[in-house]
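The structure under discussion appears below in the form of structure tokens.
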């Protein structure tokens, strides 16, 4: 026997094409639902991975927030029926007089993204400590680590460094004795995308400033 579904009010039916378009764009990862606030029922649903159907109770209750002034709720987190994580957003639907008559909810299944993040993390993060004896004499690695530490401590990007930042970085590397090796200047110049002459100028500037502070 075919279940007879309640006919949605005209104001809600006007939003059905929008909901269907969103669902088509984000299929199969997004479920789109239009709730009838007056009847507390689902007026329409697309990509229904929650297994709900039109006419099912919305279970929104009579929370005053749903009849307040807000037009958009979220994005917020929900749990799917399988325990997976959903990222959701809701928008108020109004009739021609501006009265809130419905709620458009988009439930995006982000499990696939969580799995991708876990996979990338497994490859990107080393799970064992670095064998330091292998790198103890590797001055190139020490310089690379020094540059990375400087950028991380200051929240800077290499391409965004100005002259003052470069002088500060060179000074830090110099204090660590990393310019004692013959080819260190060339390695730093290559790393920063600068000439050897520029690195020598920055190094002289850094050492002059250090002498003035002594």
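The values are calculated or read from the model by the stated rules, or taken from the named source; none is laboratory data. Just so we're clear, the structure is a prediction, and the values are computed from it rather than from any experiment. Cβ coordinates were reconstructed from backbone atoms using ideal geometry, including for glycine residues, and neighbour counts include every protein chain displayed.
Looking at residue 74, is it part of a strand (DSSP E or B), at pLDDT below 90 and surrounded by 13 or more Cβ atoms within 10 Å (Cβ to Cβ)? Considered against the rule, which asks whether it is part of a strand (DSSP E or B), at pLDDT below 90 and surrounded by 13 or more Cβ atoms within 10 Å (Cβ to Cβ), residue 74 comes out as yes. So, residue 118, is that one at pLDDT below 90, outside any helix (DSSP H, G or I) and either assigned by TED's automatic domain parsing to the domain that holds residue 85 or under 30 Å from residue 85 (Cβ atoms) (or both) or not? So residue 118 does not fit the description; no. If you take the residues of region 77-102 that are in contact with a helix residue (DSSP H, G or I) (Cβ under 7 Å, 6 or more places away or on another chain) and at pLDDT 90 or above, which of them is nearest to residue 45 (Cα to Cα)? Per the stated criteria, the residue is 102.
Out of all the residues in region 181-192, which are assigned to a loop (DSSP other than H, G, I, E, B) and either under 12 Å from residue 147 (Cβ atoms) or in contact (Cβ under 8 Å) with a residue 40 or more places away in the chain (or both)? Of everything in region 181-192, just one residue is assigned to a loop (DSSP other than H, G, I, E, B) and either under 12 Å from residue 147 (Cβ atoms) or in contact (Cβ under 8 Å) with a residue 40 or more places away in the chain (or both), namely 181.
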